[in-house]
1. How do 289, 62 line up, fewest other C-beta atoms within 10 Å first?
2. Would you give the gap between the C-alpha center of the range 154-202 and the C-alpha center of the range 278-308, rounded to a whole Å?
3. Roughly how tilted is helix 2-20, in degrees to the nearest 10 and between 0 and 90, from the longest Cα axis of the chain?
4. Apply the a/c threshold of 1.5 to the C-alpha gyration tensor of the range 272-376 and tell me whether it is rounded, prolate or oblate.
5. How high is the relative contact order of the chain, given as a whole-number percent (alpha carbon pairs under 8 Å, six or more residues apart)?
6. What angle do you read, to the nearest 10 degrees and between 0 and 90, between the alpha-carbon axis of helix 149-166 and the longest principal axis of the chain?
7. Just the projected area, averaged over all directions, of the convex hull on the alpha carbon atoms of the range 21-239: how many nm²?
8. Given 0.36 nm per residue, what is the gain on full extension from residue 31 to residue 418 after removing their alpha carbon distance, in nm?
């Protein structure tokens, strides 16, 4: 009991420090090295608060899930919380015991997977006694999950019910049709169905885990009150229960294919609002056009009330409460998407206006005034991207995962500032083809 009270008091002191800590993160350098296991480590020392945040990424996202078992990676990640095996003289922990162990430490380990990567996120106080126990427990959960059948059989009916319920939502139906049309056979276009869920077993989870969650595949980002020596020791503990040894290069995943002709689908659906989606495959995160497209998209539809699409569709004509555009770059070309909702009888008018504005923007680019306003907004808001350990960790992990320069954060505002109208016009012309885009209209007339 005294141990618990002591740890609770520590957590309370840390929460106060978090509220008072200055946002001076950008000045902190990123250290990088390769751990003895082969894992790549990225560290930002932040000694002001006795806390450590760690993100461990593996190339085990849903692009690695077999066809017919879409969602396996995310389900495997989620199932790691269901218990750990008995190993190395330590007793097994079931779902409840594992949760209680984390609660007693005042620490947490979460897991999830997206299209590209499987991610474990550890948060713990950096006090040596707490961090040692938290990292050892994280190592067990990452490296020795038990994947109990009874819990999978318990949870699967709930997931099936959730999928069935989501199929009644207009946004889900529209988004699914859009993804298939944009990505074709690429894994980015797959969404977990009832058939996928019924095809997945705990044996599938174990096989995926054994093949891809290996020490040498890890990219580890750390932000917190540890120095390089302590961080390297922390990594050793975290990876100790994973398979060691050399890793072979993983098989390449097919690239997203460019669209060769326009695709338009009208989906009948009884909904109060029509859902309109327009887009195409965009760029990889490694594209040299990333910053030009970032700034240009902010002007076109990513800047909220200041964006051109919002001005034309909402402010001038009242066709929608909100319209936005976005790029979703990943290891492969993620989608460029314009999305909006409107009254069904206004769907065609809104769609025509979206198309005309997009064509004009691709052909002409922004005005000098629009460009300067976008730069001021993006640069002025940059501090909010890194004003906490968690946000800073997200950015460091982005650098680690995408092999970005270590000075990426310190040069970010310069990269934005140097973008010209011509840069945006050329980047949009290279990337987007308004005449061969996917259009999904669900519920319109």
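All of the numbers you see were taken from the coordinates with simple rules; none came from a lab. Because the structure is a prediction, the values reported are computed rather than measured. Here the Cβ is made from the backbone with ideal geometry for all residues, glycine too, and neighbour counts use every protein chain on show.
1. Lowest to highest Cβ neighbour count: 289, 62.
2. 27
3. 30
4. Oblate, since a/c reaches 1.5 and b/c is not below a/b.
5. Averaging sequence separation for qualifying contacts and normalising by length gives 21 percent for the chain.
6. Once rounded, one gets 20 degrees.
7. 14.0
8. Additional length available on full extension: 136.7 nm.
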